[in-house]
Every structure is written in C-alpha cells, then in structure tokens.
1. In percent, how large is the relative contact order of the range 306-346, given Cα pairs closer than 8 Å and 6 or more residues apart?
2. Output the peptides 72-81, 92-101 sorted from most to least packed, where packing is the average of other Cβ atoms within 10 Å over each peptide's residues.
3. Pop the C-beta distance of residue 86 and residue 379 into the FRET formula with R0 = 41 Å and round what comes out to the nearest 0.05.
4. So, R0 is 35 Å and r is the distance between the beta-carbons of residue 365 and residue 111; what FRET efficiency does that work out to, to 0.05?
5. Along the Cα→Cβ direction, 7 angstrom out, place labels at residue 352 and residue 334. What is the inter-label distance in nm?
6. Rg(Cα) of the range 69-114 divided by 2.2 N^0.38 Å?
7. State the Cα centre-to-centre distance between the range 134-192 and the range 266-312 in whole Å.
8. Using every alpha carbon pair in the range 63-198, what percent of pairs falls into each 10 Å bin from 0 up to the bin containing the largest distance?
C-alpha cells in the first residue's frame, strides 16, 4: 500500500511525500526512526503517488550511495529486481524509496534499467540515464555505475568549488550595487544641488560628472522611494509606469526563456552560448572530453562497435552541441573514415584528442589511450576550478575600485574647481 504522509522533525522541518508499506504502523516506525513525528498519514491514490514521485528531490549523497551499492550488487551477480528491492529497503528517504519501488516494478515488467531511470529526470540526469544505457548495451553495467557514481561526486565537487569561488565576488558585487543605487538616490542629488549652487545653472562640469548626475536623475525618477504614495498604491502605478513595465517585462522574458531552454532547440542554443563564454567554455569542454574518452573507452573495450559506442556516448556528454558533432562523426565513420579524422577537425575537441585517437587506431590500444586522455582532462578541470577564485577576486577588486574612483573623481573634482573659482571671485 502507498501512503501520503506529512511529518515534522525535531528541528521544525516538515517532511512530506509518498511511502510504500504493508501498513500504517510500518510508516510510523520509519518516520520515528528518522526523528520525525507524523502529522498526517492516509492512503494515496495512483495519480497522487505518480505526481508526488515526479516532484521530489534526492540528495547527491543518497544518489551516490545508491549507485555504488547497485554497482556492487550487479557485479556480484544479483538480479536487478532483487538488487533494487534491497536498495529500496536500505534507502533512508521515503521519497527515494518510492522512486526505487517504481523502478523495480518497471524492470520486473521488462523495461530496461536506463528507460526506468529516464522516467524520473528530477532524480537521474540525462547523462546518468545515457551512461546506464551505455552500460546495458555493452554488458558493463557494474563498471559504468561505478563511473557514474564517481562522476556525480566530481560534479558535486565542481559545483561546490564554483559556489565557493563565487561567494566572495557575489557579496562584493551585491554590496556595490546596493551602495551605487543608494548614492544615486540619496547622495548624488544633494551633491548636484551643491554644484549648482556653487557654479550656477550654467556651470561647466566634466563629462563624467554630467553622466553621473544624469544617471542619478534617471534612478531617482524611476525609483519607488521617490514616488511612495501617501494613502493608495494606485498613484505609484501611475507615476512609475516605466519601472513597473520593466519589472513585468523582465519577469515574462525570464519565464519564457526558461521554458524555451527546456525545448530541444532552446537547449541546443543555450549549450552553444555556454561554449562561447570564457572560462565556462573551457570547463564544459574539458568535462565533455573526459566523459567522452572514459565512456567510449569503456564501451569499446567491452566489445561495443564504434558506431554504437558513439551513439550512446553522445548522450552522455551533457552538451547538445558536442553531441551533434559526435553524431556527425558517426556518419563519417559509417562512410569509412577513421574516427580520429572528424574529431581532429572538430571545433570543440582539442587537437590532442584527435592525435591520441589516431595513435590508438594505429596501435590497437584506443581504450588505453582514451583512459589516459580522460585522466588528463579531469585533472585539468580540477586545476581550472581551483584557479577560478584567484582570477575572480582581483577582477572584482579592480571593478569595485574603478567604480569608487570614478564616483570620487566625479564629485570631488568639480567641487574643488568650483570652490577655487568662488574663492578667486
């Protein structure tokens, strides 16, 4: 039986989801074991269960543990349905239990493991699903699952490093933006009045001071603070149409952009854009090359043909632009060309990859060489991420210093000049 539950932990958090259990007491015991007190428990309909399962999330740690344990069970020869049942019983998250239970039922009914995973894109990424399909097609599911677990851990480490590298610049940038708009709204208008009083309305000011005063005037005219109504919100709408229009327009554009990016055409353009952004382009390319090299080597060493390996590996890259290049490479291979030729001519694969592939084709040790390529580029990714913070911090300091210097020069220069003129008069 499936139950809909809601429970509260000791620290005040609310847990909710679906849970498969023989009776209500089993669910209560499971929640109590997690330190949660049940608030609501009721039987779930089939539609409610499916909806809840598709909306939940799974922690990276839980996904890594599940993947490694599944790899161990598969390599030990345990049948997939039994392996999944064992992992379902061991899962701590009630939501993840429901996901594994549904996957187990799909596998028992004849659905491949990769297709069963693919039904839950919020839990198993596209790369995860395609690599599992690659393992199934090559008969190396246990090895691929180990690789997937390692890749999840590496991706989580990369995200953590990027987040850590961006924390300091984000704080500095936020403070700078708030301070800038504060100056434009409250300080610069008063300084502009002082300059006008000192030099008169026809006073000749430096061009950068004129620009600063115009920015201040625009900010003041379009800020909510300057148009706060005494009693009603309606005057605010009438007095700030530009501001409200910009907010609404930005919201609408943001929503439609996110929806478009989820479409195949939008995802292709978005991935192409990422490959044109400095630093990010290098990280994405090196991650893609490492995934290609390691997955392709694992498949070919297991006896999978080059064409089949290219088709499966393309879906595991994680970037549609590079995936399309691999599809084009597969067409050339089908026409009789060696794989090293289209890879060497690729816009995104570094030349060394094509050269290494050519050596592997000549010596018959393509899988061994590709593993070395994967090791090299994974180390390169770590190096780029580690150096990211050391690049960003000085850039932010220079930008912040430039803004402060410009504002100081725009304000103090004219005041000093006009004060001298007044003194001479």
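1. 33
2. Listed from highest to lowest mean packing, they are 92-101, 72-81.
3. 0.70
4. E between residue 365 and residue 111, to the nearest 0.05, is 0.45.
5. Reported label-point gap for residue 352 and residue 334 is 3.3 nm.
6. 1.07
7. Taking the Cα centre of each part, the range 134-192 and the range 266-312 sit 22 Å apart.
8. All Cα pairs considered, the percentages come to 11, 31, 19, 10, 9, 8, 7, 4, 1.
Taken together, the values in this text are just the output of simple stated rules run on the coordinates, not laboratory data. As the structure is a prediction and not an experimental result, all values here were calculated from the model. Quick reminder, even Gly has a Cβ in these numbers, built from the backbone with ideal geometry, and neighbours come from all protein chains shown.
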